[in-house]
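**Q** Here it is: the structure, laid out below.
The values are calculated or read from the model by the stated rules, or taken from the named source; none is laboratory data. Just so you know, these numbers come straight off a predicted model, no measurement behind them. As a convention, Cβ positions derive from the backbone with ideal geometry for all residues, glycine included, and neighbour counts pool all protein chains shown.
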Amino acid sequence: MSIAGAMRNSDRYMGSEEYIHSHNRNKNRSDQGSGMRSSVQDIFFDLIQEEREELEERMQNGGSTEPSYQIGAGSFTEREWKKLIKSVDAVQEEMRKAAERERELQKEMEETKKTQKKELCIIVYDLDGIRCIESATGICRWFIKFTDNTQYFKVQNFMEDAGEGNNSFDPAFWQSLIQ
């Protein structure tokens with residue numbers, strides 16, 4: 001029983017002039033008979049003495065002197081509880097950081113895929129029109145049909161000026177060029 005518990009017990013008996021000791025207390029105290037009446041002050045001192053004896057016994061047996069609280073199936077002192085909470089917080093922080101790294105990697109992979117898609121295409125043109133063809137599969141992504149020969153010459157002039165460094169795979173760009 002803690003000091004606070006002893007004080008609560010003494011508060012319970014305030015105003016009462018008697019207290020009946022349990023059989024265990026009667027065995028430990030040969031000078032008191034069963035049913036002996038005591039003042040509240042005597043009861044309080046008895047409870048404090050019991051707490052002191054329990055504390056001394058715990059210290060001699062290597063036990064903790066801190067009060068322990070029952071939490072679920074376990075019993076924790078405040079120090080043990082704080083240590084447990086810190087370890088849980090540390091694990092949660094690591095999980096948050098790992099999730100953040102995962103999101104960053106996902107974003108980088110998406111950007112890399114976009115870049116690779118652009119690099120894996122070839123712009124091909126002839127008198128019929130202009131096409132974007134995937135170099136790995138040969139599949140045509142889009143095709144713009146020329147309506148007259150001037151459009152062909154506009155594309156030809158642009159490709160000659162731009163050379164192999166042309167990375168415009170957007171059909172809207174080519175539509176605006178030939179208009």
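**Q** Which residue pairs have Cβ atoms under 6 Å apart, sit 6 or more places apart or on different chains, and have a first residue in the stretch 91-116 that is touching a residue at least 12 places away in the same chain (Cβ under 8 Å) and a second that is of a type in the set (Phe, Trp, Tyr)?
**A** No pair meets every condition.
**Q** Here's a check for you: in the stretch 50-92, which residue that is assigned to a helix (DSSP H, G or I) and surrounded by 13 or more Cβ atoms within 10 Å (Cβ to Cβ) is modelled with the lowest pLDDT?
**A** Looking at the filtered set, the residue picked out is 58.
**Q** Does the stretch 139-179 hold any residues that are assigned to a loop (DSSP other than H, G, I, E, B) and modelled with pLDDT under 85, and which are they?
**A** 166, 167, 168, 169, 170, 179
**Q** If I ask for residues that are in contact with a strand residue (DSSP E or B) (Cβ under 7 Å, 6 or more places away or on another chain) and closer than 30 Å to residue 133 by Cβ, which ones from the stretch 74-118 would you list?
**A** none
**Q** Across the stretch 128-137, what is the number of residues that are loosely packed, with under 12 Cβ neighbours inside 10 Å and at pLDDT 85 or above?
**A** 1
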